[in-house]
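The values are calculated or read from the model by the stated rules, or taken from the named source; none is laboratory data. On a predicted model such as this, the values are computed, not experimentally measured, just so you know. Reconstructed Cβ throughout: ideal geometry from the backbone, glycine too, with neighbour counts over all protein chains shown. Note: areas computed on protein heavy atoms with side chains; ligands, DNA, RNA excluded. Shrake-Rupley method; radii C 1.70, N 1.55, O 1.52, S 1.80 Å.
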Amino acid sequence: MAGNRRSVVKLVALGVFAGVAAYALTSAIRPPARRPLADSSATLRARTASFELHPDAPLVTVRSHDRAVGRDVSIALLVDGAPHPVILAQSPRRADPDTLVAAASAVIADVTVEFPIELRVDASHDTMAVTAGAPPAVDLAGHTFALQADMASDGQPIFVAGVGPVADRATVAGTSVTLDTDPHPIAIASAAGPISVDAMAGESQSPGEPTHVTVTSPTGESGAEPLAEIDLAMGASSAALWRDVAEIAGTPTLPVHGRVTGTAARAVVVGRDAEGRPQVRARTGEGGAFDLDVPATVVDWYAAVEPGRASPLVPFAPGTPRDLVLDVSPGGNVHVTVRDADTHEPLTARLLFRGVDGTVDPSFGPDYRASGAGPVMDSLRGDVVTPMPSGRYRVLATKGIEWSIDAKIVDVAPGAVTEIALAPRHVVPTPGVLGCDLHVHARPSFDSPVTPEDRVLSLAAAGIDFAVPTEHNIVGDYASAIETLGLRGVLSTVTGVEVTTLSKGFGHFGLFPYPPGTPVPPFKHANMMAIFRAVRAGDPHRYFQLNHPRLPKGIGYFANIGFDPNGPMSRVRNRIDFDGIEVYNGYDIEHPERVEQVLRDYWALLDNGWRYTATGSSDSHRIQFHWAGYPRTMITVDPDAAPDADAKPVDPLVVVSNLMKGHATVTSGPILELSLGGVHPGDEVATTDETVRGHLRIRAAPWIDVSRVEVVVGQVGGSYSVAQTFEVQQRPTHVGTEEGPLAEAQARTIRFDRDLEVPVGPENGWIQVIARGDRRMDDVLPFMPVPPFSFTNPVYVVRRPAAQPPFPGAAMPRGVP
């Protein structure tokens, strides 16, 4: 868990307070419809709050005595990772005035076992501990246990101690999580140690249904006493909450009192530990005053007022008798220009403002606005003027994985205008290839607050050439936004939809092009046969893709149908005759093990003779967190394009057609150029030789790591294996001015360039190339703890003619309704 925490600490920006979390739950622990309390004796009372237990429902209502804040929290016991609701009996048993006893049932060794659950309130601290005990005379050896609490965020900021604010679909670990339900925040922690926190946009939910955050206690095993514990707290104020949270963890506290100056508005005060991790977040009171009890490990402080104003970082030890004064007075202005270093034309790009030498990152607005989302800002015309707090900053300009990143360190003084000129270079040439994001969200998707114009700007700033608006069960169209922003010829598009099944919730499916004004395929109480029938009717150019097949929380289709890549395909009873599979989804971008799992699914299907286009897309729902364009699918539209040829407009249907043929690679960093047997990814090479010869070149921008290459070979009717592995000499990250003529700068991006001789088996098969980097990209890009990863679509090796096999569950070839 500690390693996971380290990997996500950089996910958040210091000084960013617009973290809006959303989370889609499994039905096993989603709060049920509210029912009236049958017995007032099921209420436990503390100083500020009451904890109301609902008979026959896994539900606790945390409510302040003044009725200003109330929130339902569902509780479940996880046995070997599976949730089992904690239910209070109709006639609740009260062990003492501060304790109620409930139960959770689970099957152990084919026997239903009832686990005792104790709910105890600490009236002096406004907390309630939930503990799971071991049932008597039951062998629990080999099983694991945890408690899980879930509550709706309703758009309130979510702060994880040790991480900071989190946004949609974050999976992080920390000592506590706080929901900023002003004036009485709610916190969840565990006396057993660090908790894990999942925040996920509720794609599988109906429009209007609240989004959720789920907290899981540390995992316990047989013999632990108790098996698991999780604690709920409600504070009299955001300042008063932190003493209770620290005492849950058994951490001594010391007082910190002070005030925020330079503003009449309420500010937010943040305390960080010696490693720069935010540990405490509280709102100020009247006149900017604050009075906190915090762990002694909190050593640095700053205050902020949205948007974009923050105090300097101030060292201050808890227990110091004097006041801590944090000043957020307005600073100066910065004027940033971004130009292509070689053409000198204004450049649509993303700007990043990072505080250095004790300066805190600025925040220009909430996490869904391209004009300013935390310390991120997308510039349409390469010219930005913005106010900034006084301090020292590193300002960077990026345009995605084909470009260098230019950066400068500047000092912003009160009342002054600071001029900054940045000039990235297009150092990774991709003639005849388009960078594409085939799965991305904005309004009218019910779980994305991003406007279509802001989404289009974020895509262009990431260097995306072609994008599909895959809105949930609504046809998305970027044409108007592209015209409004004047980006015709920069970004091309087709209309699209993401079929997001409701009720049954068995999966999400991308479909494009799809004509506006046409009813979308059935998604309510539908089956796959009905969806396929609607998809395959009409346009022969329509592309149908399985999205994020292993995404958790009941969203991934392969997970929902129990697809087993190691089992016989004859057991698959569901339709899987898609045109493509989204192997690399943006919500897996910092978890390569999840991508590897989907790759194993994909390889198993290839070994059974089926062919799908493998794609990667961002599935982005926000601006600041989870960037559009990472990962992306690089679609080849002209394999014979000259390296110095001027880009020409491409018919969007040609892009879709080449995608359907598999003429593509997938990447979050390295760019792969592969030819084998004279053909390219997606094509067939007919040969009787024991090896297939070809060439592989890998390019990467100077800020992207490449460390090794793998060549995977599979056989129809056989199995796949890594046939070859090559180590790549790593280079230090380079950010800043890229020197020399453009041709020299482009030549420096070549990381691997050699001929290949790939051994192949006696049967028809396939070859796929994978490139990886070890160094994650958040050493340059904030909120992007992404290990660079890329792969080609397969080159299909044909040893003898073979008919395309029917798809399981369909009993017919792809494309036949």
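Numbers at a glance
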quantity	calculated
Given charges at beta-carbon only (K, R positive; D, E negative), |dipole| of the chain in Debye	720 debye
Simple label model, 7 Å out from Cα along Cβ direction - LEU653 to ALA416, nm	5.9 nm
Low-density loop positions, trypsin sites (Lys or Arg not before Pro), the stretch 356-463 - DSSP coil, at most 12 other Cβ in 10 Å	ARG381
Apportionment of accessible area to carbon and sulfur, the chain, percent (1.4 Å)	52 percent
Point-to-point label distance, GLU221-ASP80, nm (Cα→Cβ direction, 7 Å offset)	1.6 nm
Sequence-separation-based contact order of the stretch 277-399, relative, with Cα cut under 8 Å and 6+ spacing, percent	26 percent
Cβ-Cβ FRET estimate between ARG381 and GLU739, R0 fixed at 25 Å, reported to 0.05	0.40
The stretch 393-538, relative contact order in percent, only Cα pairs under 8 angstrom and at least six apart counted	16 percent
Under 13 Å, Cβ to Cβ, from VAL79 - net charge with Lys/Arg +1 and Asp/Glu -1	-3
The stretch 481-544 - Rg (one decimal) and Dmax (whole number), Cα, Å	14.2, 42
The stretch 74-168 shape via C-alpha gyration tensor axes, a/c threshold 1.5	oblate
Contour minus Cα-Cα distance for ARG392 and ASP291 (0.36 nm per residue)	33.5 nm
Gain upon complete extension [PHE726, ALA274; 0.36 nm per residue less C-alpha separation]	158.7 nm
Fully extended contour minus Cα-Cα distance, from ARG47 to LYS408, at 0.36 nm per residue	124.7 nm
Distance histogram for the chain (every C-alpha pair counted, 10 angstrom bins, percent rounded to whole numbers)	2, 13, 22, 24, 20, 13, 5, 1, 0
Ranked by how many other beta carbons lie within 10 Å on average, peptides 263-270, 410-417 from highest	263-270, 410-417
Rel. contact order, % - alpha carbon contacts under 8 angstrom, at least six apart, the chain	9 percent
Two-site label geometry, LEU502 and ASP774: point separation in nm, points 7 Å out along Cα→Cβ	4.9 nm
At most 15 other Cβ within 10 Å, DSSP loop - trypsin sites (Lys or Arg not before Pro), the stretch 534-595	ARG573
Accessible area in square angstrom per residue, the chain, 1.4 angstrom probe	36 Å²
Extent along principal axes [Cα atoms of the stretch 754-804; Å; largest to smallest]	50, 28, 13
